[in-house]
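Report on the structure given below.
The values are calculated or read from the model by the stated rules, or taken from the named source; none is laboratory data. Treat the numbers as computed from the prediction; the structure is a model and nothing was measured. Counting neighbours? That spans all protein chains shown, and the Cβs are built from the backbone with ideal geometry, glycine included.
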């Protein structure tokens with residue numbers, strides 16, 4: 001059981017590392033936010049799953065397990081709302097990628 | 001200001017109370033009673049800001065089952081697939097990208113369905129919903145896509161939200 005928990009946490013860290021690399025290396029704001037989503041979905045979810053199993057199996061504490069589940073649920077509910085608002089705000093504030101985007105339907109429909 | 005519906009108050013009360021029980025996690029009568037009173041007060045004051053449609057949908061077992069299947073099967077599969085693709089792009093040096101904003105149509109009509117669909121799209125790495133509009137009687141989503149493969153609205157929509165929309169259509173038309 002311990003091995004399963006460790007594997008889950010390690011997998012979560014792999015996805016978090018991928019997201020961090022993406023934030024550092026992506027060329028523009030929106031692509032960076034896409035990479036950050038990687039951290040807040042599978043990164044957090046796998047870590048939380050490992051934590052839930054640890055609390056339930058190793059610590060025998062249902063209360064802690066449920067609290068970690070509530071944390072994961074809260075991240076899942078609040079994250080898309082936040083990234084949607086940040087992306088929309090950045091776009092309407094006039095932030096554009098340095099290299100021209102191949103397709104930009106939002107700019108076509110609202111910029112003129 | 002819209003009139004507050006009873007079902008909206010009941011649904012808000014239920015959500016508040018469930019969260020109280022989960023966070024407090026003690027089942028003494030006085031703690032439950034205090035939670036119920038606080039939840040009822042919160043629900044009475046805030047229900048009209050949250051729910052504007054019929055909130056009784058989750059009493060229908062078929063729709064509830066469809067929603068559970070969406071959350072437990074359809075969505076996690078899409079999430080893992082997109083995460084692996086994104087992690088591969090990141091570890092490959094972030095060179096394999098073609099970012100762009102595409103406009104896709106959706107057949108969902110209700111507020112619940114649109115909110116659930118656009119949040120699911122945003123939660124999948126590689127796509128972020130930026131705007132929802134209504135045109136010619138259809139709802140359209142503007143989606144930032146890290147690797148644009150299709151620019152035709154219908155084909156792009158199929159690639160971005162294909163299975164997600166099918167799963168959600170069974171719950172909220």
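Annotations
- Which listed residue, of B:114, B:123, B:79, is within 17 Å of the chain's Cα centre (by Cα) and more than 10 Å from every other protein chain (Cβ to nearest Cβ): B:114
- Test: residue in the stretch B:95-114 that is under 27 Å from residue B:149 (Cα atoms) and in a helix (DSSP H, G or I): yes
- Filter pass, residue B:41 being away from every other protein chain (no Cβ under 14 Å) and surrounded by 13 or more Cβ atoms within 10 Å (Cβ to Cβ): no
- Residue identified as modelled with pLDDT of 80 or more, within 30 Å of residue A:62 (Cα to Cα), over 22 Å from the mean Cα position of the chain (by Cα) and not assigned by TED's automatic domain parsing to the domain that holds residue B:111 among B:44, B:40, B:14: B:40
- Only residues that are surrounded by fewer than 14 Cβ atoms within 10 Å (Cβ to Cβ) and either within 23 Å of residue B:155 (Cα to Cα) or outside the structural domain of residue B:128 (by TED's automatic domain parsing) (or both) were counted in the stretch B:82-97, giving 1.
- Any hit, the stretch A:44-56, residues being farther than 22 Å from residue B:98 by Cβ and either facing chain B (nearest Cβ under 10 Å) or out of contact with any helix residue (DSSP H, G or I) (no Cβ under 7 Å at 6 or more places or on another chain) (or both): yes
- Flag for residue B:154 being assigned to a loop (DSSP other than H, G, I, E, B), in contact (Cβ under 8 Å) with a residue 12 or more places away in the chain and assigned by TED's automatic domain parsing to the domain that holds residue B:74: no
- Test: residue B:147 is closer than 15 Å to residue B:75 by Cα, at pLDDT below 85, in contact with a strand residue (DSSP E or B) (Cβ under 8 Å, 6 or more places away or on another chain) and assigned by TED's automatic domain parsing to the domain that holds residue B:66: no
- Scanning the stretch A:15-24 turns up one or more residues that are surrounded by fewer than 16 Cβ atoms within 10 Å (Cβ to Cβ), over 23 Å from residue A:77 (Cα atoms), in contact with a helix residue (DSSP H, G or I) (Cβ under 9 Å, 6 or more places away or on another chain) and at the interface with chain B (Cβ under 10 Å from one of its Cβ atoms).
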